[in-house]
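Okay, so here's the structure we're looking at.
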Protein chains: 10
Amino acid sequence: MSKSEAADLVLAARKRKGLSWAGIAEALGTPLVWTTAALLGQHPMTGEQAAKACALLGLDEAVAESLQLQPSRGTDPAIMADPTIYRFTEALSVYGPALKELIHEEFGDGIMSAINFRVDIARRPDPDGDRVVVTFDGKFLDYRW
Amino acid sequence: MSKSEAADLVLAARKRKGLSWAGIAEALGTPLVWTTAALLGQHPMTGEQAAKACALLGLDEAVAESLQLQPSRGTDPAIMADPTIYRFTEALSVYGPALKELIHEEFGDGIMSAINFRVDIARRPDPDGDRVVVTFDGKFLDYRW
Amino acid sequence: MSKSEAADLVLAARKRKGLSWAGIAEALGTPLVWTTAALLGQHPMTGEQAAKACALLGLDEAVAESLQLQPSRGTDPAIMADPTIYRFTEALSVYGPALKELIHEEFGDGIMSAINFRVDIARRPDPDGDRVVVTFDGKFLDYRW
Amino acid sequence: MSKSEAADLVLAARKRKGLSWAGIAEALGTPLVWTTAALLGQHPMTGEQAAKACALLGLDEAVAESLQLQPSRGTDPAIMADPTIYRFTEALSVYGPALKELIHEEFGDGIMSAINFRVDIARRPDPDGDRVVVTFDGKFLDYRW
Amino acid sequence: MSKSEAADLVLAARKRKGLSWAGIAEALGTPLVWTTAALLGQHPMTGEQAAKACALLGLDEAVAESLQLQPSRGTDPAIMADPTIYRFTEALSVYGPALKELIHEEFGDGIMSAINFRVDIARRPDPDGDRVVVTFDGKFLDYRW
Amino acid sequence: MSKSEAADLVLAARKRKGLSWAGIAEALGTPLVWTTAALLGQHPMTGEQAAKACALLGLDEAVAESLQLQPSRGTDPAIMADPTIYRFTEALSVYGPALKELIHEEFGDGIMSAINFRVDIARRPDPDGDRVVVTFDGKFLDYRW
Amino acid sequence: MSKSEAADLVLAARKRKGLSWAGIAEALGTPLVWTTAALLGQHPMTGEQAAKACALLGLDEAVAESLQLQPSRGTDPAIMADPTIYRFTEALSVYGPALKELIHEEFGDGIMSAINFRVDIARRPDPDGDRVVVTFDGKFLDYRW
Amino acid sequence: MSKSEAADLVLAARKRKGLSWAGIAEALGTPLVWTTAALLGQHPMTGEQAAKACALLGLDEAVAESLQLQPSRGTDPAIMADPTIYRFTEALSVYGPALKELIHEEFGDGIMSAINFRVDIARRPDPDGDRVVVTFDGKFLDYRW
Amino acid sequence: MSKSEAADLVLAARKRKGLSWAGIAEALGTPLVWTTAALLGQHPMTGEQAAKACALLGLDEAVAESLQLQPSRGTDPAIMADPTIYRFTEALSVYGPALKELIHEEFGDGIMSAINFRVDIARRPDPDGDRVVVTFDGKFLDYRW
Amino acid sequence: MSKSEAADLVLAARKRKGLSWAGIAEALGTPLVWTTAALLGQHPMTGEQAAKACALLGLDEAVAESLQLQPSRGTDPAIMADPTIYRFTEALSVYGPALKELIHEEFGDGIMSAINFRVDIARRPDPDGDRVVVTFDGKFLDYRW
């Protein structure tokens, strides 16, 4: 079973069982965004994590096996154009060069790792309308020969 | 003078004067990433902001006028492929669909605004190597007919 | 069932039942363009809306469930090239920069929201040939840090 | 002088003279969006229109001649990605197929003309925030052999 | 049944029955290029046209229904690269700007409609080798606000 | 001088001199579309043709030399998107496969040459609005090993 | 049966029967490259050619019918990137403009036909390693109005 | 001086001097297609070759230096679309997979080198119209680990 | 069976049998990267190699046959965007022009063959974290007419 | 002065002075590929390195300043298509997925860093023709949340 077939079964089972991503992450003891990404096929799970997730979602062994596979990471450009995802892309096209300047100013020549990296998402209450707060947190890697 | 010509003059003057983006932002009393993005041409400055920035950088009135122009926002794809910027794009291609799921779970059908929006960047010390922490913070907007 | 499979079943059932989009919208008490877009898979319906629509169209529960799913929004570029849709794209390529100028003149730096947004379509009789009148109506959002 | 060079001179003169697009359109007696688009190079002006516009803006004969040239219409994709313009493109990718269905339901097989066509833009006050209202109004053309 | 599945059945039946496009068009009393395009899925047929065509071709009701559907018009770029079709595209890339100049010279600012439009094809005998003569005949539409 | 610089000078001179393409073609004794395309840089002229054209347009020897150069044929995709040119492209995307079928039915396996080829344009009066009639006339070439 | 399904069956049968392309071509009395291309779906065969080929390969009537169909010619870009095919593309990107200059010098303004055209391939022994010799041989066609 | 500027000067000088590519190649004692490609910037010349070519063409030392530079090889896609060049590309899209099959049949798994490679062009008289004969001749390289 | 179906079966069998690529390569007596690439469908195996591999993996004759087929080489761009693969692409976009300069300096005008070529991968222990060492080793081929 | 202008001056000066990349690297005491890449604009030099390089090459202070700028890294796709560079890209399209499998087998889920990374190039004598040996050597980074 491919990881995208497994992801479809996860999405259907999650709806059927009335489970939240937060609930699944808590049950697994794994971070929220990591857990969601892993169940959508972007990270391999350990056997134990996959077994727990499938038990929770009522999915069989074939799904559990698929969740442990090494993924080929990335998302179809058609899906990246969805408005909820596109706003992040747009923000990068406006702020990307500024972030590059500021990383170089603060850290020197290098990058924020996207591998030694975590993402968190939170809701911040605000009288003008609550806010989505997404934090990218990656180790600085300097160009080092 | 186009905003990209102004940005080139800003970059050269900043180097010549030995100024940091943080120092310029502090002098203007404006947020760090906003100030950097504005001086790179992605946001219009007020007349007062532009005048202060040009005084600081030793740039003339033509630059100050350009900094006040309404921009056509966005970044050339060739520049988006720079490794320091690309890591953000890669993170979105791995975590974008998960962020969409979690925004919908927490807030319902809608998006994080990229307009009523701010970005911050910080260095977080870490014994395994300091970390780049970038926070995207946008108002939730629900699909509302 | 995917939302595009559901849309195909809706289109076939609508023809079979001889129903109009206007009639379905009226029966559901929802706006015309919203209803059409939702049944084509671009908006999630509530359980009640989906149930009503499926009863009207003689479609089963699987379709009703699909209509309630959170969509990944957007349209295949091949379909955007259909002449009836392309004329809108062409109009934007001619008038887009003018609309941007006028939004900035009237409202300042910002955008027309495509989320807090509605579209209407009407026929306006005209002796030289009736006219298609499409109204885009979105909340102004100012760039606000 | 190319129409894009003329447009740059118009934009600079408009700022220098403190003129609004609405004011220019009123002085010329031509519709607001049409006038803005024509001065940005998307429509040819008559000799009289071009002369009036250049007198108003303090621009010379070379600009007036350029404004009368037949344009090659369309906008650079990089500019179409500006967020203020992109929201219209996004709306089409969500509502385009629904508009096609509704044009066919109401008018039969055909299109909304983008040639026998006008666009208007208005501000509609709203307690939740004023709204941008853009109206596309084109003659219906049926596929007729 | 999709229009492309119907087109495949039409092509196979036409070969099996030994019918020519010209013969089918004559039997239907419809123009040659229109008939061919409609049977390939680019125009909707009336119920009567579809019934006649299916009787002639020995195809069932499902095909007749599909032939009446409103199409999403256009052709896959891979098929547009076929040499027989590509020669038309190449001719446009050589003569397109000249045709634009001549339309504007003769008619003013506007276009040849591709909707109020017909195409004919004929063989013209020539001692140096017979010639393919294709005529595009569309109503002139002037840019009219 | 490049052929595109020469074309710009031709366009400006034609306007300045108040000459029509038809008038230039008649003076040269060459076909209308061919003459326009050649002056826009898509065909090489003979020395005599170039000299006559430049005399008529009041252009110097450098232009005449450029008009005789062998062109690299084709048109920038941005210009092909102009609505007046695009309608031809759209017509091909609707009727291209039908034209291919009919060429094969009438002539066998082969193509309409785009080299041994001419294009004409005419105005046909019509009570419903005059029509643009464009004729593509190319020698049939059969696939012959 | 589509021509690409037929090609797959031909490839499998050729392997199973241990036949060479050269042997098949000889049996059919048709040129080597033509025969290979036709069996891969790029040329239609006559009924007799298709019957002989299928008898030789042990394939049934459905394949023979498919081999006689008029093809939509061309190859998927992914397959054009195969190194063995790509070397030809690379050679064109290095020598294409030189070949154009030399065709014009020797023949005047025109092209080498790709329709009245044949290709041959041969092995030429060479002490430094045998050589692949591919000959493109097409009728010169002059631009003739 | 870039190699493309040098090529422009070569083309202009060749016309001015009335020299043929064949004549230049003969004078240099280098193969025809190689010489043309080298003067267009696709191969580096030796100092002696460059000096001879510039003496012949009446060009100065700066051109001679440029002709000796190591090129970055390849041709702009816009130029590859010129009909005279495109016919070669089209032939590859029709015959490329057949050539691959035949190279593998005759030589085994490998490629025709595009580096240890030469191209020739010749005119072959033919009563039906003279023919352009282009020979690609490259060393076979087998996949060898 | 296509080579990509065979690759999927190989991947599943390798996991099921708990075999490593290194173990398979050793059993076959073939180089590590070559063996992995061949089993993923990028190189043809001999009958003996395919038989041994399938015996080891518990796969049937159909897989063994597929592994012997001549491949159409190359990888889907979506898979090339996987971060583990993309880092190599990024390195080429940073160091490609430098490698070209150095190949020309050391060897003259020519290339590193990608056909007479091997790749090795090794782990090099390092106190700052072990390193991935990938060696590209290809025969130099000089441009030789 | 942009880094690409500086690179052009470096290339010209290197030729004029008869310096090798190896010689420059030795004089600077920096690695060969790093030095070449830095002088081509892909890495920032320290003030001391830039000064030494410019003294060696006879270039002025403006070049030295440019060499110290933070680059926007990457290479134009047109240059990546040069055959000497393309062979590396082709090798990745053949061996990329195999390298990914082997990195995961040996190191687990993660990547070879392209930042904590070096490249070396060497000539390896071989009786069948000397070989280009390029070594990519990057720190393994595991996906670590």
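Taken together, the values in this text are just the output of simple stated rules run on the coordinates, not laboratory data. No experiment lies behind these values; they were computed from the predicted model shown. For neighbour counting, all protein chains shown are included, and Cβ atoms are generated from backbone atoms with ideal geometry for every residue, glycine included.
Below, the figures for the structure above:
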read-out: Three-way shape call for the range F:3-68 based on the alpha-carbon gyration tensor, with the a/c threshold at 1.5; value: rounded
read-out: Spatial separation of Cα centroids for the range A:30-108 and the range D:1-42, in angstrom; value: 47
read-out: Calculated Rg and Dmax of the range D:77-142 using C-alpha coordinates, Å; value: 14.3, 41
read-out: Separation in nanometres of the label points that stand 7 Å from Cα toward Cβ, at G:Thr46 and F:Ala55; value: 5.8
read-out: Cleavage-rule hits, trypsin sites (Lys or Arg not before Pro), the range C:59-145, DSSP coil, Cβ neighbours within 10 Å at most 15; value: none
read-out: Test item: Cα-centred dipole of chain F, Lys/Arg +1 and Asp/Glu -1 on Cβ, debye; value: 340
read-out: Rel. contact order, % - alpha carbon contacts under 8 angstrom, at least six apart, chain H; value: 19
read-out: Chain H: most fluctuating residue of H:Leu19, H:Leu102, H:Leu67 per GNM, C-alpha cutoff 10 Å; value: H:Leu102
read-out: Number of partner chain Cβ atoms within 10 Å, mean per residue of H:25-34; value: 2
read-out: Exposure proxy ranking, count of Cβ atoms within 10 Å, fewest first, for B:Met45, B:Met112, J:Met80; value: J:Met80, B:Met45, B:Met112
read-out: Contact order relative to length of the range H:3-68, as percent, for alpha carbon pairs under 8 angstrom and 6 or more apart; value: 40
read-out: Loop-located chymotrypsin sites (Phe, Trp or Tyr not before Pro) in the range B:68-102 whose Cβ has at most 12 other Cβ within 10 Å (DSSP); value: none
read-out: Chain I Cβ-axis minimum, rotational copy J, residue and distance in Å; value: I:Thr135, 2
read-out: Rg [Å, one decimal], Dmax [Å, integer] - the range D:48-93, C-alpha atoms; value: 15.7, 42
read-out: Axial C-alpha extent at least 27 Å, average Kyte-Doolittle at least -0.5 - helices from chain J (DSSP); value: J:83-107
read-out: Point-charge dipole on Cβ atoms (K/R +1, D/E -1) for the range B:77-142, about Cα centre, debye to 20; value: 240
read-out: Relative intensity, log₁₀ I(q)/I(0), of the protein assembly as shown from a Debye sum that treats every alpha carbon as a point, q = 0.04, 0.08, 0.09 Å⁻¹; value: -0.26, -1.27, -1.77
read-out: The protein assembly as shown, helix-only ellipticity at 222 nm - DSSP H runs n ≥ 4, -39,500 (n - 2.57), divided by all residues, nearest 500; value: -16500 deg cm²/dmol
read-out: The range D:77-142: relative contact order in percent, alpha carbon pairs under 8 Å with at least 6 residues between; value: 28
read-out: Projected-area mean, chain I, by convex hull of Cα positions, square nanometres; value: 11.5
